[in-house]
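**Student:** Sharing a structure here in structure tokens format.
The values are calculated or read from the model by the stated rules, or taken from the named source; none is laboratory data. Here the structure is a predicted model, which means the values were calculated and not measured. Quick reminder, even Gly has a Cβ in these numbers, built from the backbone with ideal geometry, and neighbours come from all protein chains shown.
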């Protein structure tokens, strides 16, 4: 999966060059089903609960089930959730793109690029979500047509939504804005903080959360509270990585206490959520004033 840092670099460089650069998105249907399991990979699964609503079991299997025998299936194609699925999909996508003349980025293996005379095209793959950055409409159309010969690719046009992030491009100002208001509202609701009081900072001034600090409670969280704490940190990490670098320090600090968090740490992580509650409408704006022209 493409790194968030790579995505931001591609978006900002594209935005900074205005109308000269096209930024599009596309989606692959039934991603993992476009590949096959290897002969030496044996994955057995129970028959899905609603299998017989869509197709009939072969007669020999019906007889076995009537005799009380357990019938199972061997996967021929990887499914979501299997360890082999993501790997096989990447290898298949890589094989196809290399056959089109693309190269793999040396810094991010989920990013592929092709240069054809004065035209270029970059594909950043986040499993089944493709971000396409190019200076040639014809090269983009040709590439998507080629990909459609191997799997069903849905052309979603100009980019506006990616991995839970809203993307707003301003061609006049040569900027691009990334926001996660919907995601923030979702995690606030998940942890019951929708009606909390917003905070103006992500951490209390001068806060020290280390165990030897007199301000840290000696009371450890219960196993249930500890699980919740970890889930909250994980949710915040995605925000900090994608659109809210202003909470990165607080999240990094609090993630040090995942093994033995105290009630003080739980209170602190809720403080970060309350900060997001008050700033959920803000967007990370990138582009013209942050990047020189390179294309």
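**Student:** Tally the residues that are over 30 Å from the mean Cα position of the chain (by Cα) and in the same structural domain as residue 121 (by TED's automatic domain parsing), restricting the search to region 16-71.
**Tutor:** 0
**Student:** Of the residues that make up region 262-272, is at least one out of contact with any strand residue (DSSP E or B) (no Cβ under 6 Å at 6 or more places or on another chain), within 30 Å of residue 10 (Cα to Cα) and in a helix (DSSP H, G or I)?
**Tutor:** Scanning region 262-272, I find at least one residue that is out of contact with any strand residue (DSSP E or B) (no Cβ under 6 Å at 6 or more places or on another chain), within 30 Å of residue 10 (Cα to Cα) and in a helix (DSSP H, G or I), so the answer is yes.
**Student:** Just checking, which of 122, 133, 167, 115 is under 29 Å from residue 275 (Cα atoms) and either loosely packed, with under 14 Cβ neighbours inside 10 Å or in contact with a helix residue (DSSP H, G or I) (Cβ under 9 Å, 6 or more places away or on another chain) (or both)?
**Tutor:** Only one candidate qualifies: 167.
**Student:** Tell me, please, whether a residue that is farther than 30 Å from residue 21 by Cα and either touching a strand residue (DSSP E or B) at 6+ places or on another chain (Cβ under 6 Å) or part of a strand (DSSP E or B) (or both) can be found in region 232-255.
**Tutor:** No, region 232-255 has no match at all.
**Student:** OK, next. In the set 41, 52, which member is farther than 30 Å from residue 135 by Cβ, out of contact with any helix residue (DSSP H, G or I) (no Cβ under 6 Å at 6 or more places or on another chain) and surrounded by 11 or more Cβ atoms within 10 Å (Cβ to Cβ)?
**Tutor:** Going through 41, 52 in turn, the sole match is 52.
**Student:** Additional query: Pairs under 6 Å by beta carbon, first residue assigned by TED's automatic domain parsing to the domain that holds residue 13 and without any contact (Cβ under 8 Å) to a residue 12 or more places away in the chain in region 107-132, partner assigned to a strand (DSSP E or B) and buried (at least 16 other Cβ atoms within 10 Å of the Cβ), six or more apart or different chains?
**Tutor:** That search, which allows pairs on different chains as well, returns 113/122.
**Student:** Can you tell me how many residues in region 145-156 are in contact with a strand residue (DSSP E or B) (Cβ under 6 Å, 6 or more places away or on another chain) and either not assigned by TED's automatic domain parsing to the domain that holds residue 90 or not in a loop (DSSP other than H, G, I, E, B) (or both)?
**Tutor:** Number satisfying all stated conditions: 5.
**Student:** Filter region 166-205 down to the residues that are assigned to a helix (DSSP H, G or I) and in contact (Cβ under 8 Å) with a residue 40 or more places away in the chain and list them by number.
**Tutor:** Hits for region 166-205 are 181, 183, 184, 185, 187, 188, 190.
**Student:** State which residue is farthest from residue 283 (Cα to Cα) when the search covers only region 211-230 and only residues that are without any contact (Cβ under 8 Å) to a residue 12 or more places away in the chain and assigned to a helix (DSSP H, G or I). Give the derivation first.
**Tutor:** Within region 211-230, the subset without any contact (Cβ under 8 Å) to a residue 12 or more places away in the chain is 212-214, 222-224, 227.
Now drop any that are not assigned to a helix (DSSP H, G or I), which leaves 223-224, 227.
Numbers: 223: 35, 224: 33, 227: 30 Å.
Among them, the one singled out is 223.
**Student:** Can you confirm whether residue 42 is without any contact (Cβ under 8 Å) to a residue 60 or more places away in the chain and touching a strand residue (DSSP E or B) at 6+ places or on another chain (Cβ under 7 Å)?
**Tutor:** Taking the combined requirement at face value, the residue satisfies it.
**Student:** In region 229-239, what count of residues is obtained for those that are crowded, with 18+ Cβ neighbours inside 10 Å and closer than 16 Å to residue 189 by Cβ?
**Tutor:** 5
**Student:** Further question: Exactly one of these conditions fails for residue 251: (1) in contact (Cβ under 8 Å) with a residue 60 or more places away in the chain; (2) over 13 Å from residue 266 (Cβ atoms); (3) surrounded by 13 or more Cβ atoms within 10 Å (Cβ to Cβ). Give me its number.
**Tutor:** Going through (1) in contact (Cβ under 8 Å) with a residue 60 or more places away in the chain; (2) over 13 Å from residue 266 (Cβ atoms); (3) surrounded by 13 or more Cβ atoms within 10 Å (Cβ to Cβ) one by one, residue 251 breaks only (1).
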